[in-house]
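A.B. asks: The structure is given below, and queries will be raised subsequently.
The values are calculated or read from the model by the stated rules, or taken from the named source; none is laboratory data. Being a predicted model, the structure only gives us computed values, none of them experimental. Here Cβ is always computed from backbone atoms with ideal geometry, including for glycine, and neighbour counts include all displayed protein chains. The protein model used for the area step is the full one, side chains on, heavy atoms only, and it has no ligands, DNA or RNA in it. Shrake-Rupley method; radii C 1.70, N 1.55, O 1.52, S 1.80 Å.
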Amino acid sequence: MSTLEGTTAIVTGSSRGIGADVAQQLAAQGAAVVVNYRQKAPRATKVVAGIEAAGGKAVAVGADLTTPEGPAALVDAAVSTFGGLDLLVLNASGGMETSMGEDYALRLNRDAQVAMLTAAVEVMPAGSRVVFITSHQAHFIEKVETMDAYEPVARSKRAGEDALRALIPDLEAKGISFVVVSGDMIEGTVTATLLDRATPGAIEARRQEAGRLYSVAEFATEIVRMATADVATGHTEYVGGAEDFLAKS
């Protein structure tokens with residue numbers, strides 16, 4: 001992919017935070033965007049309104065990716081509203097919630113990611129791209145320890161990345177590229193807030209160790225850049241602080 005004009009993107013988990021910024025930046029570059037939310041419709045509607053006010057195209061679609069019908073609903077919306085699907089940004093993640101069941105992290109961070117990709121590739125043409133968003137804490141979890149409170153999430157996200165990478169040969173056969181964007185802790189995200197609540201001082205400690213942490217908008221910009229970057233399929237783009245992890249792994 002070399003331009004976003006005339007393309008359609010699905011951004012999972014995009015009613016707030018990183019996903020919302022990604023959706024807005026993609027739309028600013030010409031993509032029509034399916035903004036996904038699980039429960040908070042007003043947030044997603046606000047993101048869409050902002051995109052449309054800036055002259056872009058977007059639609060809000062409620063879909064729980066852990067249900068059988070969730071991924072299909074997003075793909076159907078992309079096709080029926082904008083005529084196709086060229087870019088899938090797998091941003092939705094979680095697992096630190098205490099009310100979603102013990103296996104929620106794995107269902108969302110692995111199983112739902114595979115289900116979403118499986119549904120999307122049925123309509124994505126050759127030249128399309130899939131971008132999976134993860135963290136250094138998850139990407140390097142097999143070699144570098146993380147905080148106890150985050151370890152189950154990190155392991156589930158790594159399992160998701162591994163499951164998606166296993167599908168690269170199938171994607172290549174369809175002419176679809178796959179890229180991973182791995183970031184350090186991001187200032188102002190829900191995960192960072194929950195993690196700091198579980199382990200007080202964790203964010204400040206990581207900030208001191210890394211020198212600085214990226215903002216939501218800065219990280220989103222890097223994700224959007226990788227939507228069209230000329231990189232090989234399977235490429236991992238490290239954003240902020242990866243040197244520490246690479247040195248330890």
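A.B. asks: Collect the residues in the stretch 1-20 that are farther than 21 Å from S80 by Cα and touching a strand residue (DSSP E or B) at 6+ places or on another chain (Cβ under 9 Å), keeping them in residue-number order. Lay out the reasoning, then the answer.
C.D. replies: Taking the stretch 1-20 first, the residues farther than 21 Å from S80 by Cα are 1-3, 16-20.
Matches in the stretch 1-20: M1, R16, I18, G19, A20.
A.B. asks: Of everything in the stretch 213-230, what is more than 21 Å from G127 (Cα to Cα), touching a strand residue (DSSP E or B) at 6+ places or on another chain (Cβ under 9 Å) and of a type outside the set (A, V, I, L, M, F, W, C)? Give them in sequence order.
C.D. replies: Here is the first cut: in the stretch 213-230, the residues more than 21 Å from G127 (Cα to Cα) are 213-221.
The next check asks that each one be touching a strand residue (DSSP E or B) at 6+ places or on another chain (Cβ under 9 Å); those that pass are 213-216, 218-219.
Those that are more than 21 Å from G127 (Cα to Cα), touching a strand residue (DSSP E or B) at 6+ places or on another chain (Cβ under 9 Å) and of a type outside the set (A, V, I, L, M, F, W, C): Y214, S215, E218.
A.B. asks: Name the residues in the stretch 212-249 that are on the phi > 0 side of the Ramachandran plot and open to solvent by 60 Å² or more (accessible area, probe 1.4 Å), would you? Spell out the reasoning first.
C.D. replies: Of the residues in the stretch 212-249, the ones on the phi > 0 side of the Ramachandran plot are 234, 240-241.
If the condition is that a residue be on the phi > 0 side of the Ramachandran plot and open to solvent by 60 Å² or more (accessible area, probe 1.4 Å), then no residue fits.
A.B. asks: Condition first: more than 19 Å from V181 (Cβ to Cβ), buried (at least 19 other Cβ atoms within 10 Å of the Cβ) and at pLDDT 95 or above. Now tell me which residues in the stretch 36-58 satisfy that.
C.D. replies: Of all residues in the stretch 36-58, those more than 19 Å from V181 (Cβ to Cβ) come to 37-58.
Then keep just the ones that are buried (at least 19 other Cβ atoms within 10 Å of the Cβ); that gives 37-38, 44, 47-48, 51, 56, 58.
Scanning the stretch 36-58 gives Y37, A44, V47, V48, I51, G56, A58.
A.B. asks: Collect the residues in the stretch 159-175 that are under 24 Å from I141 (Cα atoms) and open to solvent by 40 Å² or more (accessible area, probe 1.4 Å), keeping them in residue-number order.
C.D. replies: Of everything in the stretch 159-175, those that are under 24 Å from I141 (Cα atoms) and open to solvent by 40 Å² or more (accessible area, probe 1.4 Å) turn out to be D162, R165, A166, L167.
A.B. asks: Which count do you get for residues in the stretch 38-96 that are part of a strand (DSSP E or B), without any contact (Cβ under 8 Å) to a residue 60 or more places away in the chain and of a type in the set (V, I, T)? First the steps, then the outcome.
C.D. replies: The first filter runs over the stretch 38-96 and keeps only residues part of a strand (DSSP E or B), leaving 57-62, 87-90.
When the remaining residues are screened for being without any contact (Cβ under 8 Å) to a residue 60 or more places away in the chain, the result is 57-62.
Checking the rest, the ones that are also of a type in the set (V, I, T) come to 59, 61.
Qualifying residue count for the region: 2.
Per-residue answers, yes or no, for (1) among the acidic types (D, E); (2) modelled with pLDDT under 95; (3) under 19 Å from S93 (Cβ atoms):
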site: V121; (1), (2), (3): no, no, no
site: M124; (1), (2), (3): no, no, no
site: I133; (1), (2), (3): no, no, yes
site: D148; (1), (2), (3): yes, yes, yes
site: P152; (1), (2), (3): no, yes, yes
site: R155; (1), (2), (3): no, no, yes
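A.B. asks: Which members of the stretch 5-19 meet the condition of being open to solvent by less than 10 Å² (accessible area, probe 1.4 Å) and either at pLDDT below 95 or under 11 Å from the mean Cα position of the chain (by Cα) (or both)?
C.D. replies: Start the filter on the stretch 5-19 by keeping residues that are open to solvent by less than 10 Å² (accessible area, probe 1.4 Å), which leaves 8-12, 14, 19.
I10, V11, T12, S14, G19 - these are the residues of the stretch 5-19 that are open to solvent by less than 10 Å² (accessible area, probe 1.4 Å) and either at pLDDT below 95 or under 11 Å from the mean Cα position of the chain (by Cα) (or both).
A.B. asks: Can you pull out the residues in the stretch 176-207 that are among the charged types (D, E, K, R), in contact with a helix residue (DSSP H, G or I) (Cβ under 9 Å, 6 or more places away or on another chain) and loosely packed, with under 15 Cβ neighbours inside 10 Å?
C.D. replies: Matches in the stretch 176-207: E204 only.
A.B. asks: Now for a different question. State all residues of the stretch 67-100 that are at pLDDT 95 or above and of a type in the set (V, I, T); if no residue qualifies, say none.
C.D. replies: If the condition is that a residue be at pLDDT 95 or above and of a type in the set (V, I, T), then T67, V75, V79, T81, V89 are the ones that fit.
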